[in-house]
Amino acid sequence: MEASSHDVLLVGGGGAGLRAAIAAAEVNLKLSIAVVSKVYPMRSHTVSAEGGAAGVAKSDDSLDEHCYDTISGGDWLCDQDAVEAFVKEAPQELLQLERWGCPWSREPDGHIAVRAFGGMKKRRTWFAADKTGFHMLHTLFQTTLKYPPITRYDEWFVTKLLVDDGRVQGVVAIELMSGKIRAITAKAVILCTGGCGRVFPFTTNANIKNGDGMALAYRAGAPLKDMEFVQYHPTGLPFTGILITEAARAEGGYMLNKDGYRYLQDYNLGTPQPKPVLRSMELGPRDRLSQAFVKEDQKGRTIQTPYGPIVHLDLRHLGEKLINAKLPFVRELCQKYQNIDPVRELIPVRPVVHYMMGGVSTDIDGATPLAGLYAAGEVACVSINGANRLGSNSLPECLVFGARAGRAAAAYAATQQVPDGKVFAQANDERRRLETQFLFRTGGHERIATIREEMQKTVETSAGIYREHASLAKATHQLRELQRRFGDISLDDHSRTFNTELESALELGFMLDVAESIVQCALHRTESRGAHQRTDYPARDDNKFLAHSIVSRNFDGSSRVEYLPVKITRWAPGERVYGETSKEQSKSTPIRQAV
C-alpha cells in the first residue's frame, strides 16, 4: 500500500480546517501539514454561510453581553469557560481576517458594519453582504497558499482513523480520481469535516455533510457529545431546503401565517414593530421560532403545499434598494429556485435542519479524549452552543477553535515520534474491507438509496422538532435493523475512478452511526431544553440534566450514554427570558473588552 507522512493532518478543508492549518504553520514553519478534503476546499460548506459572524465591535456592546446571550440562548448547557474564551477571541479573529483581505461590509464612515441576529441583544454580527461564508473561505484559502508547509489532498475521502498504542497516528483515504487507497500517517489529526444534516431528509446542508468526522471519531473510540441537539432553521425554501438567511429578518423581514398575521407575537418572542428594529420578535432564537411554526401548523394557520406546510417571509416593505445592497443573494436564490422576486412577492418558508450543536467531544483547545485526535468547527462540541446555537456564532467558532486546535495539535506533534509500521497493518486491513465489502462484492439485496431514505424518515419522525418516548424507542429498533440491512448492500459500479456509488455507500455507513447516536441521546434525556423538546417531559430539569450527554460505542457496536457536568463559571442557570437582562447577568463580574 502506498503511504505518505506528515506532522499534522487536517481532515476537512472548510473554514475550521483552513484556519487550523494556518495556525499550525504559524507555530512552526518546519512542520509538515496536510489538508485532506473530499471536495476542493472552495466547495466546502462554509462557502454557503450567508448572514455573518458575531464578534463584539461597538462601544455600546460588551463581551459580557455576548457571553450571556450565548449561554442563555443555549439554555444553560454551554460550558462557560469555553464561551468566555470564544467571545474574547472572536473579534480578534475577525480583525485578522480583515487584515488577510476579507471584504467586510462598511458603514458610510468606513467603520465595520454590524447587523442584528437572532437571540443577540446587541448588533454584533459582522457581514459581507449576504455572502459572508463565501468571502471568509476565499480569504482563508488564499492565505494558506503563502505557507509552503501546507500540502493539500483535494478530493480524497477518509474512511478510517489509524489508532495504535492508544493514540491516533493517521488515516486511510481513497483518492477519488483514481480509486487508489493510501495510508496517510501523522503525529496529530484534526477533524474539521462539518456537520451531519444529511441524516435528515430536509436540510440546508450540502450533500457532503454526512457526519463523516463524527463517525470516524466514534468508531475509533472517541465519544460524541450532546448529539440530541439538532437545530432547525425557521426559514428554508420548500422542496430544496435552501437557506434564506436570518439576515433577512435582521434587516426587518416579517413572518406571516396564512392570514397575513405576524404570528410570532403570540409566542412570547416580542411585540410587532412598525419598522425594522433590533429587538423585533422575528429575531427570536431559532429553536423558539421553529417550535412556533409547529404550533401554528397544529392550529391550522399554515399553508399546505406539495412540499409540506409553509408560512411566508415578507421583505416587500424593505424596498429594492436595501434588498440589493444587503440581501442580494437572498433575491437571487428566490428568483432562481422559487421563481419569485422578494421585492414584490412573499417568500414561502418552513423549518429545515440546519446545524448540529453536538459533535465530537473536545476540550477548550480542540483535544478529544483520544490522544492525538483533535476536532474543530461543527464536527466538534466544545461546547459553546449548548442546547441551541445563536445565529452568527458558528463562523467565528470555526475561526477561534480552528486556530486553537491547530496550535495545540502542532505543539503535540512536536513531542511525538514518527508512526511505526504497526499502523500499516491496520491500513491494509481497511483496504481489504473496502474491496471485499464494497468494490468486489456481488449478490447483495439492498439498495443504498432505499436504506438512506428509510433512515432519514426514521430520524425525522422520531427526533424532529418535537420528540417522545414511543417514537424514539421504535426508532432505536428500526436503525438497528437498517444497520443489519446495510451489510447486505452491493454496488453496481465496481470501477475505481470517481466511484460515487462507493462514496455514497461509505457515507451511508457513517450516517447510520450518527443517526443512532442522535436517537439514543434524545431517548435518554427526559427533559425539554433548547432544540430538544420532549412532549412527554415538557419541563427543563436542571437537577438531573444540567449535563452533557456523552455517547460512546461499545465493542459489540451498540452505544452507551453517560453524562458530564456543565462547566459553570459566573452565570448561574436561570429562566430563559428572551429580550430581557436577567439578575444573573447584572451580577456577573465584567471581563476586559477585546477591541
In terms of the alpha carbon gyration tensor, root eigenvalues a ≥ b ≥ c, rounded if a/c is under 1.5 and otherwise prolate when a/b exceeds b/c or oblate, the stretch 289-389 is prolate
Counting only DSSP beta bridges with both partners in the chain, the antiparallel fraction in percent, to the nearest 5, comes to 65
Length gained if ASP493 through PHE239 is fully extended, taking 0.36 nm per residue and subtracting the Cα-Cα distance, is 88.5 nm
Rounded to the nearest 10, the angle in degrees between the Cα long axis of helix 80-100 and the longest principal axis of the Cα atoms of the chain comes to 90
In whole percents, the bins of 10 Å from zero upward hold the Cα-Cα pairs of the stretch 170-214 as 24, 37, 32, 7
Note to self: C-alpha centroids of the stretch 383-434 and the stretch 92-127 sit apart, in Å, by 28
Computed over the stretch 229-273, the relative contact order (Cα-Cα under 8 Å, seq sep at least six) in percent reads 17
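Tell me the per residue accessible area of the chain using a 1.4 Å probe; a whole number in Å² is fine.
Value for the chain: 36 Å² per residue.
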Largest-first semi-axes in Å of the equivalent ellipsoid built from the Cα gyration tensor of the stretch 35-93 are 27, 15, 11
For the chain, the longest principal axis of the Cα atoms and the Cα long axis of helix 328-337 enclose an angle in degrees, to the nearest 10, of 70
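Would you mind calculating the relative contact order of the stretch 405-491 from Cα pairs under 8 angstrom and at least 6 residues apart, reporting the percent as a whole number?
39
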Taking Cα atoms, the helix 422-434 axis meets the longest principal axis of the chain at an angle in degrees (rounded to 10) of 70
A 1.4 Å probe over the protein heavy atoms gives the chain a carbon and sulfur accessible-area percentage of 51
Working note, the stretch 337-488: Cα radius of gyration (Å, one decimal) and Dmax (Å, whole number) are 21.5, 65
Counting only protein heavy atoms and leaving out ligands, DNA and RNA, the solvent-accessible surface of TYR337 at a 1.4 Å probe, in Å² to the nearest 10, equals 120
So the pair-distance distribution of the chain, from every Cα-Cα distance in 10 Å bins, comes to percents of 3, 18, 29, 28, 16, 5, 0
Note on the chain: contact order normalised by length, alpha-carbon pairs under 8 Å, 6 or more apart, percent, works out to 22
Quick tally, 1.4 Å probe accessible area for CYS398, CYS334, sorted with the most first, runs CYS398, CYS334
Ignoring ligands and nucleic acids, THR450 exposes an accessible area, probe 1.4 Å, in Å² to the nearest 10, of 60
Dividing the helical contributions, -39500 (n - 2.57) per DSSP H run of n ≥ 4, by the residues of the chain yields a 222 nm value, nearest 500 deg cm²/dmol, of -10500 deg cm²/dmol
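Against the globular-protein guess of 2.2 N^0.38 Å, express the Cα radius of gyration of the stretch 1-154 as a ratio, rounded to two decimals.
1.15
The values are calculated or read from the model by the stated rules, or taken from the named source; none is laboratory data. These figures come from a predicted structure and were not determined experimentally. Each accessible area value is taken on the protein alone, full model and side chains, heavy atoms only, with ligands, DNA and RNA left out. Shrake-Rupley method; radii C 1.70, N 1.55, O 1.52, S 1.80 Å.
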